[in-house]
Amino acid sequence: MRADIVVLPGDGIGPEVAAAAVTVLKAVASRHGHSFTFTEHDIGGIAIDRHGEPLPEATRLACQQADAVLLGAVGGPKWSDPNAKVRPEQGLLAIRRALGLFANLRPVRPHPAALDASPIKAHLLAGVDILVVRELTGGIYFGDKTRTEDAASDLCRYSVAEIERVMRSAFRLAQGRRGKVTSVDKANVLETSRLWRDVATRIGREEFPEVALEHQLVDSMAMHLLAKPREYDVIVTENMFGDILTDEASMLAGSLGLLPSASLGLEGKVGIYEPIHGSAPDIAGKGIANPYATILSAAMLLRHSLGLEEEAQCIERAVEAALDAKAFTADLAGPAQALSTAQACDAVLEQLEAQGTVPALGE
Ligand code: IPM
Ligand code: MN
């Protein structure tokens, strides 16, 4: 198949990990007889430097016309002045909103070979397979902000329609998994959470009676996630809770550098695929960042935007095999020899090769 993929490398380690994922996508395309084009555009800090704004019009248009978007990361100390008028992160929020990407899928599956890298005891991690569905275009991230000399406010707002659509995504995903949804809120305090809980209960009862639904307060969720992670299947939550809980969940997998994500809108619309980690300015430019989260995001791109399930699994199996072979970057390596970003990418390419020849089309 043919596909136009827009690449937004962004800032910090973004360009390094995005380049690795593009290399892997090219290898998959040539092995499976697909023709992908890759077009780079600016977003975040680099876009502020070059165009004076974090989401230039050309970037937005290119994303809207693409079949899928692969993103590295945005942000960095250069643009972090607390009084700055424009920030790199605004570019990311604006493109999520412009493309209507309300459902952010963040799978968490600790890999056996990386268990030592996790601060959590190994016996708690065996068999953990969680999919966090984070609402991505509403809540406190997007409410009105005010700032005066001696006070500031961020409004948290959710409409019924916004909650319904992300809930349906979560329930549908649970149908294809173990049939359980945990909806996370702070309904003992927040009005938006009470609405969230009401809508979750109604959608569950009326539209997905065969899926088990439980409600969990976010503070105890933060604890249970580490104490009994095997209990969870699909976790659905609002924007900021999802942001925080998934950084926490990355510790189950051993490194923030292992978690991919897919940001999806309505069926048939373009999606953005990006690692959940940030731009890691402290290690940027050194060629040592872990590329696996972005490579696994590329697998999600093939699955969700291009419908190439088999190819997606090839990438996922290749990353697993690379981890099995202890092809670790510094975040995972411990005292062992750490690979560079390029070497880790090569390890995935080798594992793709090792999967053997691809049957010709039609076979
Ligand atoms: C993420 C990031 C972003 C977010 C930042 C960079 C705006 O932390 O994708 O998790 O908070 O959504
Ligand atoms: Mn985050």
Picking from Phe241, Phe208, which residue would you name as being hydrophobic (A, V, I, L, M, F, W, C), within 16 Å of ligand 1 (Cβ to nearest atom) and either farther than 20 Å from Gly139 by Cα or surrounded by 22 or more Cβ atoms within 10 Å (Cβ to Cβ) (or both)?
Phe241
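Where residues in region 53-80 are aliphatic (A, V, I, L, M) and closer than 14 Å to Leu301 by Cβ, which of them is surrounded by the fewest Cβ atoms within 10 Å (Cβ to Cβ)?
Step one: of region 53-80, the residues aliphatic (A, V, I, L, M) are 55, 58, 61-62, 66, 68-71, 73-74.
Right, trim to closer than 14 Å to Leu301 by Cβ and you get 66, 68-71.
Values: Ala66: 22, Ala68: 24, Val69: 26, Leu70: 27, Leu71: 28.
The qualifying residue surrounded by the fewest Cβ atoms within 10 Å (Cβ to Cβ) is Ala66.
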Scope region 283-310; condition buried (at least 24 other Cβ atoms within 10 Å of the Cβ), touching a helix residue (DSSP H, G or I) at 6+ places or on another chain (Cβ under 7 Å) and more than 16 Å from Gly257 (Cα to Cα); matching residues
Leu302
Given the condition more than 16 Å from ligand 2 (Cβ to nearest atom) and either hydroxyl-bearing (Ser, Thr, Tyr) or within 23 Å of Leu252 (Cβ to Cβ) (or both), answer yes or no: does some residue in region 82-103 qualify?
no
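Yes or no, residue by residue, for (1) free of Cβ contacts under 8 Å to residues at least 24 places away in the same chain; (2) within 21 Å of the chain's Cα centre (by Cα):
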{"site": "Val132", "(1), (2)": "no, yes"}
{"site": "Leu155", "(1), (2)": "yes, no"}
{"site": "Phe171", "(1), (2)": "no, yes"}
{"site": "Lys186", "(1), (2)": "no, no"}
Determine if region 259-280 includes at least one residue that is over 29 Å from Val166 (Cβ atoms), touching a residue at least 60 places away in the same chain (Cβ under 8 Å) and either touching an Asp or Glu at 6+ places or on another chain (Cβ under 9 Å) or not assigned by TED's automatic domain parsing to the domain that holds Val211 (or both).
no
Of everything in region 330-346, what is under 17 Å from Leu259 (Cα atoms) and surrounded by fewer than 21 Cβ atoms within 10 Å (Cβ to Cβ)? Give them in sequence order.
Ala330, Ala333
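Within 16 Å of ligand 1 (Cβ to nearest atom) and charged (D, E, K, R): is that true of Glu267 in this structure? I'd like the intermediate steps shown before the answer.
Numbers: within 16 Å of ligand 1 (Cβ to nearest atom): no; charged (D, E, K, R): yes.
So Glu267 does not fit the description; no.
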Only one of these conditions is not met by Ile276: (1) away from ligand 1 (no atom under 12 Å from the Cβ); (2) under 18 Å from the mean Cα position of the chain (by Cα). Which number is it?
(1)
By residue number, the members of region 29-52 that are surrounded by fewer than 23 Cβ atoms within 10 Å (Cβ to Cβ) and among the β-branched types (Val, Ile, Thr) are Thr37, Thr39
Would you pick out the residues in region 151-193 that are in contact with a strand residue (DSSP E or B) (Cβ under 8 Å, 6 or more places away or on another chain), over 18 Å from Thr137 (Cα atoms) and not in a loop (DSSP other than H, G, I, E, B)?
Ala152, Ser153, Phe171, Leu173, Ala174, Lys180, Val181, Thr182
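Being touching a residue at least 24 places away in the same chain (Cβ under 8 Å), over 18 Å from Gly254 (Cβ atoms), under 18 Å from the mean Cα position of the chain (by Cα) and assigned to a helix (DSSP H, G or I) narrows it down to one residue among Ile295, Ile315; which is it?
Details: Ile295 fails: over 18 Å from Gly254 (Cβ atoms).
The unique qualifying residue is Ile315.
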Return the residues of region 241-293 that are more than 11 Å from ligand 2 (Cβ to nearest atom), charged (D, E, K, R) and within 22 Å of Pro15 (Cβ to Cβ); say none if nothing qualifies.
Asp282, Lys286
From Leu352, Leu323, Leu339, Leu361, residue being in the same structural domain as Val24 (by TED's automatic domain parsing), at pLDDT 95 or above and farther than 19 Å from Gly287 by Cα
Leu352
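Which strands (runs of 3 or more DSSP E) does region 15-110 wholly contain that include 1 or more residues that are free of Cβ contacts under 8 Å to residues at least 60 places away in the same chain?
Values: elements: 35-40, 68-73, 103-108.
By residue number, 35-40.
The values are calculated or read from the model by the stated rules, or taken from the named source; none is laboratory data. Fair warning: this is a prediction, and the values are worked out from it, not measured in the lab. Positions of Cβ are generated from backbone atoms using ideal geometry, with glycine treated the same way; all protein chains shown enter the neighbour counts.
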